[in-house]
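Notes for the one structure printed next.
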Amino acid sequence: MQAEDNSLGFLEAEGLVAVVEAADAMLKSASVRLFFYQKVGAGLIALGVMGELGSVKTALEAGELAARRHAEVISLVLTNPSPQVK
């Protein structure tokens with residue numbers, strides 16, 4: 001993990017199309033790195049990005065807009081998470 005990766009952002013949506021569109025929008029809108037992809041169950045898929053706080057917030061906003069065309073979305077930003085979380 002790089003020094004400027006001081007925030008984590010998570011997005012969860014139902015369906016592959018919604019999540020792929022969200023990931024595309026997130027990575028194109030801000031300087032963040034995708035570090036997490038997990039099938040949660042019942043069609044839910046979670047994504048995680050890391051980067052500077054402003055970039056993570058921008059990426060999540062773009063991802064939410066893209067995914068909401070297809071599904072309900074839940075998102076969360078963690079600022080300065082402990083090393084155990086990282």
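Here the accessible area of the chain is 55 percent carbon and sulfur, with a 1.4 angstrom probe and all protein chains present.
Dividing the radius of gyration of the alpha carbons in the chain by their Kirkwood radius gives 0.96 for Rg/Rh. Remark: the chain carries 58 Å² of accessible area per residue (probe radius 1.4 Å; ligands, DNA and RNA excluded).
The values are calculated or read from the model by the stated rules, or taken from the named source; none is laboratory data. Bear in mind the structure is a predicted one, so any value in this text is a computation, not a measurement. Areas reflect the complete protein model, heavy atoms only, side chains present, ligands, DNA and RNA absent. Shrake-Rupley method; radii C 1.70, N 1.55, O 1.52, S 1.80 Å.
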